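Single-structure report; data block below.
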Amino acid sequence: MKMKEKMHTGELYLPGDDEIMLEQEKCLERLYDFNATRPGEAEKRQVMLHEMFAEIGENCYIEPPLHSNWGGKHIHFGKNVYANFNLTVVDDTHVYVGDFTMLGPNVIIATAGHPILPELREKIYQYNMPVHIGRNCWIGAGAIILPGVTVGDNTVIGAGSVVTRDVPANVVAAGNPCRVLREIGERDREYYFKDRKIDYTIG
């Protein structure tokens, strides 16, 4: 099996393989061009994202700069996904983000890991595990999602959290390591922030 094929199996492989490096460089050239676009070039950005990403739905907005090992080649976004400044996606294998999910500034989503055994790290071995983020999630500023993690639909991940294991749907979770704090419930239908009530007559 080629090294490139092992990128998506969870097996150990060598990311410095010539075939991998050649293809990766082409992806990074496109990413460079995306990050060099001007604020008024929204349509150009949309065209580029459809070329760069594995999948991207309607009405997605990514605020440059975007950082990505493969320039989005293994990123799958649903529709109406919003990503703020400095999203970093270590997309050495696949990352899935559901419809209407919001990613705060400086969020990191990592699929790549390295063996604990020092002798293997000296040889630059790597393995990759996919990440799944559900529909209508909010990933707070500076959160870090680690390889192999799944975040369930509608869940909120607090700013600065380090998500080391799966988080269920419909909860608020935060911390390092990230833990479930509570379920999303009736109070959330009345208050949007502390004692600030939702005004359902607007919009």
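Within the range 109-125, the residues that satisfy the criterion of being surrounded by fewer than 21 Cβ atoms within 10 Å (Cβ to Cβ), among the aliphatic types (A, V, I, L, M) and either at pLDDT below 95 or in contact with a Leu (Cβ under 8 Å, 6 or more places away or on another chain) (or both) are Leu120, Ile124.
Of all the criteria given as (1) hydrophobic (A, V, I, L, M, F, W, C); (2) in contact with an Asp or Glu (Cβ under 6 Å, 6 or more places away or on another chain); (3) without any contact (Cβ under 8 Å) to a residue 24 or more places away in the chain, the one not satisfied by Val162 is (2).
Here the condition is being within 16 Å of the chain's Cα centre (by Cα), over 23 Å from Phe85 (Cα atoms) and outside any strand (DSSP E or B); of Arg165, Arg187, it holds for Arg165 alone. Being crowded, with 20+ Cβ neighbours inside 10 Å and in contact with a strand residue (DSSP E or B) (Cβ under 9 Å, 6 or more places away or on another chain): is that true of Ile133 here? When the stated conditions are applied, Ile133 passes them.
A count restricted to the range 77-99 and to residues that are crowded, with 19+ Cβ neighbours inside 10 Å and without any contact (Cβ under 8 Å) to a residue 60 or more places away in the chain stands at 11.
The values are calculated or read from the model by the stated rules, or taken from the named source; none is laboratory data. Just so you know, these numbers come straight off a predicted model, no measurement behind them. Note that each Cβ is placed from the backbone with ideal geometry, even for glycine, and that neighbours are counted across all protein chains shown.
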